[in-house]
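The values are calculated or read from the model by the stated rules, or taken from the named source; none is laboratory data. As the structure is a computational prediction, the values presented were derived from the model and not from experiment. Every residue, glycine as well, gets a Cβ built from its backbone with ideal geometry; the counts of neighbours run over all protein chains shown. Protein only, heavy atoms only, side chains kept; ligands, DNA and RNA dropped before computing areas. Shrake-Rupley method; radii C 1.70, N 1.55, O 1.52, S 1.80 Å.
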Number of protein chains: 2
Amino acid sequence: MTRVERHASFGGWQEVWQHRSDILHCEMKFAVYLPPQAANQPVPVLYWLSGLTCSEQNLITKAGFQRYAAELGVMVVAIDTSPRGEDVADDSAWDLGQGAGFYLNATQQPWAAHFLMYDYLTKEIPALIASHFPTNARQSIAGHSMGGHGALMVALKNPGLFQSVSAFAPIVAPSQVPWGQKAFTTYLGSDTTQWQQWDSLWLAENGHPLPPTLIDQGLADPFYPQQLTTELLENCCKEKSLPVTFRYHPDYDHSYYFISSFIEEHLRFHAAALTVS
Amino acid sequence: MTRVERHASFGGWQEVWQHRSDILHCEMKFAVYLPPQAANQPVPVLYWLSGLTCSEQNLITKAGFQRYAAELGVMVVAIDTSPRGEDVADDSAWDLGQGAGFYLNATQQPWAAHFLMYDYLTKEIPALIASHFPTNARQSIAGHSMGGHGALMVALKNPGLFQSVSAFAPIVAPSQVPWGQKAFTTYLGSDTTQWQQWDSLWLAENGHPLPPTLIDQGLADPFYPQQLTTELLENCCKEKSLPVTFRYHPDYDHSYYFISSFIEEHLRFHAAALTVS
């Protein structure tokens with residue numbers, strides 16, 4: 001594992017690491033923000049999953065989260081959005097292939113050889129983080145758009161794994177919207193019963209729980225409500241009494257200008273869950 | 001003049017505009033952050049000048065300044081770093097030509113036809129801003145690296161024009177360092193007496209005043225001290241009793257991770273100068 005970037009930031013360090021992934025069978029990068037507190041003690045971890053076309057860079061350069069992570073003593077780990085490299089299957093569309101892994105385990109070829117982002121996120125990355133960085137046992141997860149889908153879905157599939165969840169403009173029902181249908185057909189095949197285990201709305205409807213969760217959606221988001229069917233999940237959470245707060249923000253769009261405007265509240269939300277014993 | 005971007009950000013608006021510059025004879029873009037207060041009243045303006053290779057995008061996507069501009073009620077205008085376009089002279093080097101205008105008026109061909117960033121910044125842009133946005137009469141200026149040179153130089157040449165000045169990792173003595181010597185030789189010719197009027201250190205040594213000024217320099221900056229001869233200006237300011245605060249920060253480099261870590265203090269510094277009557 002090689003450190004490829006290291007920048008002082010708000011008294012801590014914003015780093016980027018490169019490693020050979022045993023699960024994805026390719027070279028991968030991930031970003032770690034080490035708050036000042038990590039120099040002296042183990043700290044909790046917030047995982048971040050980015051959206052379509054993004055990499056580990058988007059959060060760390062554009063969101064401005066480091067100020068709050070530094071204040072609150074939270075390590076933030078941002079992974080890439082798919083396997084990468086010339087040997088890895090790809091597609092010319094921006095919403096499929098590299099940059100669009102959807103945080104699932106693909107079953108269809110040629111994708112199944114590398115597109116195993118769920119296993120990478122839930123097995124390989126936590127082990128790497130635990131062995132190389134000063135973490136305690138508490139962790140939360142957040143994401144944007146496709147990464148909001150990832151954060152919700154991974155939390156729903158793994159009760160107790162995370163202390164809290166948050167999402168900006170998440171894809172909440174991928175089986176029912178064009179982005180998700182395209183990706184799921186490609187990666188999982190046309191048997192839609194195979195899609196259910198990767199669909200947050202289906203998981204919530206079928207009894208999977210969530211920890212305290214915060215979801216923000218901009219009302220000037222060009223992908224709302226066609227791709228981002230936020231109200232479907234909101235209605236389900238009401239029926240199931242899941243502890244999810246939904247907020248709708250006039251004027252805000254799908255960009256990191258939206259994320260940066262509310263990232264402080266997400267960090268404080270997670271820190272409260274991560275630091276209660 | 002056409003608005004090409006508009007994003008809600010911290011209760012205000014981050015916009016990007018495109019216009020035909022009468023002075024530069026090409027299409028140019030600039031960014032304007034309108035704080036929430038600008039909806040109801042005129043506000044002061046902070047101009048931002050970026051560094052080599054940058055455009056109007058770097059500050060607005062990476063610095064995280066909008067939170068503080070929104071709180072303090074300051075409009076922030078970020079211009080591009082050179083004239084742009086296929087008809088505009090360029091160079092294959094990253095530190096010359098487009099993206100490297102050095103905020104001066106070129107006298108040598110082929111540059112003199114378009115590279116008149118000093119006139120653009122001091123004449124055309126303030127008139128555009130005053131006629132299209134709700135500004136009051138108070139303004140300050142800041143910048144990074146080549147833009148730090150620009151902010152200091154323009155303020156030194158125009159006593160009374162700005163209420164305050166700040167710079168991250170500025171080129172303070174371009175006549176004495178490789179970046180500046182290359183640019184000045186190219187744009188101004190080999191007669192070094194023609195360089196003096198564009199050199200902050202020379203201007204300060206020769207009696208030009210500065211308003212309250214804040215300069216931050218990272219000690220892990222790879223361009224310090226060879227290109228960024230901060231101490232030369234610091235010594236001059238002491239001799240001349242100029243009101244300039246110099247701060248040196250261990251571990252910080254030349255990137256926007258450095259800028260974002262201290263941009264709050266710069267915004268508060270400028271707001272204090274801009275809002276005192």
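Tell me which residues, restricted to region B:73-87, are farther than 18 Å from B:H149 by Cα, open to solvent by less than 10 Å² (accessible area, probe 1.4 Å) and assigned to a loop (DSSP other than H, G, I, E, B).
Once the filter is applied, which keeps residues that are farther than 18 Å from B:H149 by Cα, open to solvent by less than 10 Å² (accessible area, probe 1.4 Å) and assigned to a loop (DSSP other than H, G, I, E, B), region B:73-87 yields B:G73, B:V74.
Could you list, in sequence order, the residues of region A:53-72 that are assigned to a loop (DSSP other than H, G, I, E, B), open to solvent by 10 Å² or more (accessible area, probe 1.4 Å) and among the small types (G, A, S)?
A:S55, A:G64
Is it true that some residue in region A:61-69 is within 18 Å of A:I129 (Cα to Cα) and away from chain B (no Cβ under 13 Å)?
no
Hey, does region B:161-179 have a residue that's within 14 Å of chain A (Cβ to nearest Cβ) and surrounded by fewer than 19 Cβ atoms within 10 Å (Cβ to Cβ)?
Just the residues of region B:161-179 that are within 14 Å of chain A (Cβ to nearest Cβ), to begin with: B:168-169.
Applying the additional criterion that residues be surrounded by fewer than 19 Cβ atoms within 10 Å (Cβ to Cβ) yields none.
No, region B:161-179 contains no residue that is within 14 Å of chain A (Cβ to nearest Cβ) and surrounded by fewer than 19 Cβ atoms within 10 Å (Cβ to Cβ).
Table: residues versus (1) on the phi < 0 side of the Ramachandran plot; (2) out of contact with any Asp or Glu (no Cβ under 9 Å at 6 or more places or on another chain); (3) open to solvent by 30 Å² or more (accessible area, probe 1.4 Å); (4) of a type outside the set (A, V, I, L, M, F, W, C).
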position: A:K29; (1), (2), (3), (4): yes, no, yes, yes
position: A:A106; (1), (2), (3), (4): yes, yes, no, no
position: A:Q109; (1), (2), (3), (4): yes, yes, yes, yes
position: A:I125; (1), (2), (3), (4): yes, yes, no, no
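Identify, from the list A:S92, A:S131, A:S140, the residue that is free of Cβ contacts under 8 Å to residues at least 60 places away in the same chain, outside any loop (DSSP other than H, G, I, E, B) and among the hydroxyl-bearing types (S, T, Y).
Exactly one residue qualifies, and that residue is A:S131.
Filter region A:193-202 for residues that are over 18 Å from A:L152 (Cβ atoms) and either surrounded by 14 or more Cβ atoms within 10 Å (Cβ to Cβ) or within 19 Å of the chain's Cα centre (by Cα) (or both) and give the result. Even if it seems obvious, please write down each step before you answer.
Kept after step one, since they are over 18 Å from A:L152 (Cβ atoms), are these residues of region A:193-202: A:193-194.
A:Q194, the sole residue that qualifies.
Being closer than 18 Å to B:H19 by Cβ and not in a strand (DSSP E or B): is that true of B:Q98 here?
Yes, satisfied.
Go through region B:218-247 residue by residue and tally those that are surrounded by 14 or more Cβ atoms within 10 Å (Cβ to Cβ), within 13 Å of another protein chain (Cβ to nearest Cβ) and either of a type outside the set (A, V, I, L, M) or touching a Lys or Arg at 6+ places or on another chain (Cβ under 9 Å) (or both).
2
Residues to consider are A:V45, A:V16; find the one that is in contact with a strand residue (DSSP E or B) (Cβ under 9 Å, 6 or more places away or on another chain), more than 11 Å from every other protein chain (Cβ to nearest Cβ), within 18 Å of A:A271 (Cβ to Cβ) and in a strand (DSSP E or B).
Sole residue among the options that is in contact with a strand residue (DSSP E or B) (Cβ under 9 Å, 6 or more places away or on another chain), more than 11 Å from every other protein chain (Cβ to nearest Cβ), within 18 Å of A:A271 (Cβ to Cβ) and in a strand (DSSP E or B): A:V45.
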